[in-house]
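Structure first, then comments.
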Amino acid sequence: MSPLLRGARRLVLVPALRLALMLALMSIGARPASAQWQDLDGLRVSVESPWPETLGRGYVPLFVSFENDSGDDAVVELEARLEGWANPQQVTARRVALKQGERREVELIVPLFVTHSGSWGSNYSVEVRLGRRTERLGVGIGSAGWEPQLASFVLFTASPWESSLPGELEQALKVGDLSSRGGSTPVPDVGAGLARFDRMPSDPAGYTSLDAVLVDTRAGFPDPGRLGPLLAWARLGGRVVFVGELDQLEQRLQGLPAMEGAFDERFRLRTQETMRDLARWSETSDDELQIVDTPRLTRAGAAAYRHGFGTLYLAPGFESDAERDVLRAALRPASRHAVLGELVPLPGLRGPGFLRPGIAIPGVDRLPLRSFMAMLLLFALVIGPANLILLRRFKRPALLLLTVPSLSLIASLGIVAYGILGQGVDVKTAAYSLTHLDQANHRAATYELRQMFAGLSPGRGLVPRAGTSVYPTEPGERHKLYEIESGGERVLSGAFLPVRTPVDQVYLTEEASRLRLDFDLAGEVVSVTNTLPVRVDGVLLHAGEGDWFARFAWIEPGEKVPLERVDAQRIEAFAVAESNPLLEGRTVPAGGYLALLAANPFRDDCGVEHNEVDGRHAVLGTLAAEELR
């Protein structure tokens, strides 16, 4: 064959083979994350994320890989940027030092705050700078479409490249197709991603863009270190489905840190209980709940357990329709309401009061108009009649050229100073918080709805502890810029904490904590000792088998007091007395308690000294099994 014919055949066959391979991957639905490598003078860089392409809340993990064959050490500056015409700008920066010949992977946890669910057109790119060379790599993660998907999940397996399940599960779990997406192929309203176990994020915040996570352990079990952040996210309200033989799963998971007693019978959910809880938090109709959300756990041979604020599902598989009912339960309520299009920062955090809690810092949301009017009236009297009469008496009318601008400047400075000092120069906050305190495993998971007002710039910005993530409830328009400096200490600046502008945010914190309430159930009188550093305003204990005990009065730090037995009417009165919307629909399991606090000892101030002017704080605690004996 002539070289010319060989070249012609290559020109035809190579694109055809590439097209066939691409169509095959699309048909099986595996959609593995593909890395695009760029060369910067011998330094090769790629970026990928196995998350579903269309998301619109929380944080997303990006994995950046380096191969430094440049012949020298290198310092690379990374800047992950979300850009679009409608939603706020979001930038995450990090500096990476690489030695000659080093191979390394860096994980970036980047925000994905979307304001306009009907104006989706934002996508992530990563800019890589090495000296004067700059390359931009696209990721394909963002809100690339005109309609968000109803729910999203990621499937983690030992061998994802051979799996065809994500595409099949999207079709099996969808409620319908997205009507506003272009193209001739319908797009399901449920999005699925596929990843290896080593793509599990190292930060719980990396899961907050998802509704559920599916972990298939039948071909292998993940490294325990990878499961820690995933289980922390579950304690914050996430939903995780573990697939495998149930007895082995319980045994393996209970051997992990912070999992003691996780599968006790008191935490197990029955079908009716799960249905009722979902109905309380979902805004869908009862008919939709019956069709979409009812978990037929018994028929599927599965089980579900409360885990902090979230849920752990154990299922033998997900191939049959009965087993897929477990996934349907884990995906509801979804991150987006099917009709309203409303997004929430984390699955499970539903209810009419969640995003708009009605708490506010007094005096910072509006100007003191009456005081300003009085000051302006006084200024007009002084600069006009009083000034003219005084200068005429001294026969110095020419001084009007000096007194008028001088008095105007003094009055202007006085009005500005009055406004600043009236609102204050400190950082004021008002907050609702709810903490799940696992006293057996010494873990605390906290939601906090916080309004902040910074009278002066607090310096660098917010510096959250490890385990804390921050979410604006209303991200704002394109002119806003959210900036994150990562790598070691994280610094949140820009629109995270503007000066002299109230901002409403959600703070999620999951961390180790030795704080507790000590209950004594062994004596003739049930009692509690407040070992918290704050005052307890009331406590309700569910000792099991219908036994409830309470204290409806203050308990100072270090104080030990007896509890009295209470009936159902007093329990209900206690629950509704506290105007904290995060308590709506919550239940106290056997061996658990609800305590109302004067302050939140679990809060993360993020390196900024706060002055809390208003707050409602509560703890839902669970006791260790030995405390109940």
Roughly speaking, what is the stretch gain from E474 to T185, that is 0.36 nm per residue apart minus the C-alpha to C-alpha distance, in nm to one decimal? 100.7 nm
Under the 7 Å Cα-to-Cβ spin-label approximation, M373 and D41 lie apart by a distance in nanometres of 6.6
Which order do the peptides 150-157, 523-530 take when ranked by the mean count of other beta-carbon atoms within 10 Å per residue, highest first? 150-157, 523-530
Order of 531-537, 251-257, 601-607 by packing, highest average Cβ count within 10 Å first? 601-607, 531-537, 251-257
So for R0 = 25 Å, FRET eff. of R393-L413 from the Cβ-Cβ r, to 0.05, ends up at 0.40
What number comes out for accessible area per residue over the stretch 426-482 if the probe is 1.4 Å? Units Å², please. 30
Determine the gain in length on full extension of the stretch T529-E168; use 0.36 nm per residue of separation and subtract their C-alpha separation, reporting nm with one decimal. 124.6 nm
Setting aside same-chain residues fewer than 8 positions from K174, which lysines have a Cα under 17 Å from its Cα? none
Fully extended contour minus Cα-Cα distance, from A386 to E545, at 0.36 nm per residue: 49.2 nm
Counting only the heavy atoms of the protein chains, how much of K174 is accessible to a 1.4 Å probe, in Å² to the nearest 10? 60
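The values are calculated or read from the model by the stated rules, or taken from the named source; none is laboratory data. As the structure is a computational prediction, the values presented were derived from the model and not from experiment. Note: ideal-geometry Cβ built from the backbone for every residue, glycine included; neighbour counts use all protein chains shown. When the accessible area is computed, the model is the full protein with side chains, heavy atoms only, and any ligands, DNA or RNA have been set aside. Shrake-Rupley method; radii C 1.70, N 1.55, O 1.52, S 1.80 Å.
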